[in-house]
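To start, the structure under review is shown below, and the notes come after it.
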């Protein structure tokens, strides 16, 4: 569900991009190709704006919700959610994870990787600006140069957070809420580090290893 601030930003960005598209259509007399690009851009941004407005005013409509996620491309960058599930079903769903006493396994594409909790070196979180909303993302860096990335739309997200907080008591209980505010800012945050290093030290070390954040 999107809030008032998100809808304001969506309207501003959508109208601006539609205006740019109109400029391409009417003020580029020599290039038919650019006119076509402008027309396609105008139609896309208009549809995205309409989808966002509909989702804002009718948040309980499953068909509008699916249309909103599809037209904004939000689910293309993330694993899909079963829209027929209730929130509690999603919250309690292990998703791509299987949890054991001291380890867990994660399904990545067609393979399954088992990881001991003590193999996790660092966990770094941040937000991705998707224009109409934000997406909280968590990157996990493990030993043996194995790293993986999940976000709040990944099946099993809530269960992973819950289990990680149990295994690492030093993790701030509601860190995801702290990252959520203010809206539309990256808010890069170190959630956990096995050596208790600070964010600057960890990010510097990751860059030296050419690991993307």
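Computed from the coordinates by the stated procedures, all read-outs in this text should not be read as laboratory data. Being a predicted model, the structure only gives us computed values, none of them experimental. For neighbour counting, all protein chains shown are included, and Cβ atoms are generated from backbone atoms with ideal geometry for every residue, glycine included.
In the range 82-161, the inverse of the mean reciprocal separation of distinct Cα atoms equals 13.7 Å; this is its Kirkwood hydrodynamic radius.
Counting beta carbons within 10 Å around each of 55, 27, 126 and listing the fewest first gives the order 27, 126, 55. Its Cα gyration tensor gives the range 156-213 an equivalent ellipsoid. The semi-axes, each the square root of 5 times an eigenvalue, are 21, 16, 11 Å from largest down.
A Förster radius of 30 Å combined with the Cβ-Cβ distance from residue 172 to residue 22 puts the calculated FRET efficiency at roughly 0.05. Considering only alpha-carbon pairs that sit under 8 angstrom and 6 or more positions apart, the relative contact order computed for the range 87-208 is 27 percent.
Shape summary of the range 110-198, radius of gyration then Dmax from alpha carbon positions: 13.2, 37 Å.
Mind checking the full-extension length gain between residue 200 and residue 145? Use 0.36 nm per residue of separation minus the Cα-Cα distance, one decimal, nm.
Numbers: separation 55, 0.36 × 55 = 19.80 nm, distance 1.97 nm.
Between residue 200 and residue 145, full extension yields 17.8 nm more.
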